[in-house]
Amino acid sequence: MLNVLVLHGPNLNLLGTREPDVYGNDTLADIDSQLTALAEELKITIRIKQSNSEEVLIESLHSSREWANGVLFNPGAFTHTSVALRDAIAAIDIPVVEVHLSNIHARESFRRESLLAPVCLGSISGFGSQSYMLGLRSLIKYVVH
Ligand code: DQA
């Protein structure tokens, strides 16, 4: 059985009411239940965690080494700022797929750079909650081949 850690970063707990014109109307609970249904279909185990804290996200990446075959990660605004998260991803030697609800390349200039993308397996951006589903499917295909 493959194990995947799903990590949601800062402010994603407010989805549903947070800038719905940018992020859509799905709540985080809606996304988590779509991911849980997909995990059942793919016959994998997922653990899901949301945190607004960079420290907690770093520690979750570290401890994923004990359990996970891959990580699906929406780092929120830390995407554009966090050398520490980049270093954590580079350190753990587990494939990490970066996902974003919005198309970060079509937004403000400060969002167009991801400090994390160069150390991730791949990045999916702009498909709303489907970014997570595409990311999970792609991560599993990579891990089993
Ligand atoms: C986001 C994009 C980030 O730029 C932003 O800070 C977020 C959400 C997305 O999923 O589109 O919090 O990661």
Subset of the range 16-50 that is assigned to a loop (DSSP other than H, G, I, E, B) and touching a residue at least 40 places away in the same chain (Cβ under 8 Å) - its residue that is nearest to residue 111 (Cα to Cα): 24
Hits in the range 41-67 - residues which are of a type in the set (A, V, I, L, M) and either under 22 Å from residue 29 (Cα atoms) or at pLDDT below 95 (or both): 42, 44, 46, 48, 56, 57, 61
Residue, nearest to the ligand (Cβ to nearest atom), within the range 105-116, restricted to residues that are assigned to a helix (DSSP H, G or I) and surrounded by fewer than 16 Cβ atoms within 10 Å (Cβ to Cβ): 110
Any hit, the range 74-84, residues being under 12 Å from the mean Cα position of the chain (by Cα) and either surrounded by fewer than 12 Cβ atoms within 10 Å (Cβ to Cβ) or of a type in the set (D, E, K, R) (or both): no
Members of the range 1-15 found to be under 20 Å from residue 105 (Cα atoms) and either more than 14 Å from the ligand (Cβ to nearest atom) or in a helix (DSSP H, G or I) (or both), listed by number: 12
Test result for residue 79, of a type in the set (Val, Ile, Thr), outside any helix (DSSP H, G or I) and farther than 20 Å from residue 143 by Cβ: no
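The values are calculated or read from the model by the stated rules, or taken from the named source; none is laboratory data. Because the structure is a prediction, the values reported are computed rather than measured. With ideal geometry, Cβ positions are generated from the backbone for all residues, glycine too; neighbour counts draw on all protein chains shown.
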